[in-house]
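Read the structure below first, then the notes.
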Amino acid sequence: MAEENENKRKKMEKPQKKKQKRESEKEEEQESKEAEAKSGVQTQVKNNSNKKRKQVFPFGNYKHYYGYRIGPGREVEEDPRIKVLKKEWFEGKDCLDIGCNSGVVTIQIAKNFKCKSILGLDIDSGLIEDAFWCLRKFVKMESAQKKQASDSNAKAVQEVNRSEQCSTLSSEGTSKSSSHHSSEERDLSDIVSFRRENFVQSHRPLDKYYDTILCLSVTKWIHLNWGDDGLITLFTKIWRLLHPGGIFVLEPQPWESYEKNRKVSETTASNYHSIMFRPEHFQEILLDKIGFRKVEDVTSGLSGTRTGFDRPIFAFYK
Ligand SMILES: C[S@@+](CC[C@H](N)C(=O)[O-])C[C@H]1O[C@@H](n2cnc3c(N)ncnc32)[C@H](O)[C@@H]1O
């Protein structure tokens, strides 16, 4: 009798459990749709056999990209590529960073090389939100560091005054430190800005020109999503947006890495097979078809300057 009752109970529970499972799957689907709508770009959620959700980033629009590249929670540490970039490409210059992700490298370039301005563009609005958040974090950190420095500076001046009781030195010391601050320190938020934009497909009027344009680890994504035409559009637009003598800094991903990402969407899978221009042809295209000139002392031969990730970075003059 007890066994019969237990079986009945189990039978009644089964449809209930199935219903709960269906509801939770629906909720997950809804969540993922909301995330897509928020980011403004299509991200996909793949179900594998264990029903684990796997997010796909069809534009290389990875979240926590710098956590992955530099190490988790280490966004404030310098990206190793910064070491191979030249200060003179950025100092006092108007710069554009195409495919800026969450803006960490854009901000580091502004901070280290004292750009006049730098605009970071990304196709993913969620990443642009992250970039603004990151900028606020850097600005806060910077002002805390400045305050700490000026406090210890003031303390040091006080100590000198006290020990030497030399009024001339004290006034000189104070005025020197304040003039140093006002001349060299502009708030990062006056220099750095971000905007959501699909660089390949946007039709903004060319009303602003740049001294330096960066395109770091973005060509593969543009190439896979918009094919050879997209790549040529990218290079041509960059050319048009540069002042004469302006610099294009390019870090292309190697062809072997395309294979790993070719299946992120149907579009990428189909473009992968029709791509004719391989990354090893980019230099030739930029020099012979677009009209750039190579910055000889930065890249030697085809290898270019190697970063910590063993990828060459090339620089070209307009
Ligand atoms: C792999 S990440 C590289 C981020 C950064 N440039 C770096 O190297 O540290 C590629 C970035 O390019 C962006 N992206 C891809 N296609 C784009 C497009 N058509 N317009 C603007 N951004 C794009 C992605 O959203 C992603 O954030």
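Each value in this text was obtained by applying a stated rule to the coordinates, not by laboratory testing. What you see is a predicted model; the values in this text were computed from it and never measured. Heads up, the Cβs are rebuilt from the backbone with ideal geometry, glycines too, and the neighbour counts pull from every protein chain shown.
Could you list, in their original order, any pairs among LYS114/LYS237; LYS86/LYS114; LYS87/LYS147; LYS83/LYS208; LYS83/LYS114 whose Cα atoms are separated by more than 20 Å?
Flagged as over cut-off: LYS114/LYS237; LYS87/LYS147; LYS83/LYS208.
What's the ranking of 144-152, 78-86 by average number of surrounding C-beta atoms within 10 Å, highest first?
By packing density, highest mean first, the sequence is 78-86, 144-152.
For the range 135-150, in order, what is each residue's ³J(HN,Hα) by Karplus, 6.51 cos²θ - 1.76 cosθ + 1.60 with θ = phi - 60°, in whole Hz (x at glycine and Pro)?
Couplings: 4, 4, 5, 5, 4, 4, 4, 5, 5, 5, 5, 4, 5, 4, 5, 6 Hz.
So what are the ³J(HN,Hα) numbers for the range 112-122, from phi and the Karplus equation (6.51, -1.76, 1.60; θ = phi - 60°), rounded to whole Hz, Gly and Pro as x?
6, 10, 6, 5, 6, 8, 9, 10, x, 10, 8
Quick one: 3J(HN,Hα) in Hz for the range 243-257, Karplus 6.51/-1.76/1.60 with θ = phi - 60°, rounded, Gly and Pro as x.
5, x, x, x, 10, 10, 9, 10, 10, x, 7, x, 4, 4, 6
Amide H of LEU216 versus every other amide H placed in the peptide plane: which residues, excluding those fewer than 5 positions away on the same chain, fall under 5 Å?
It is ILE98, GLU251, by chain and number.
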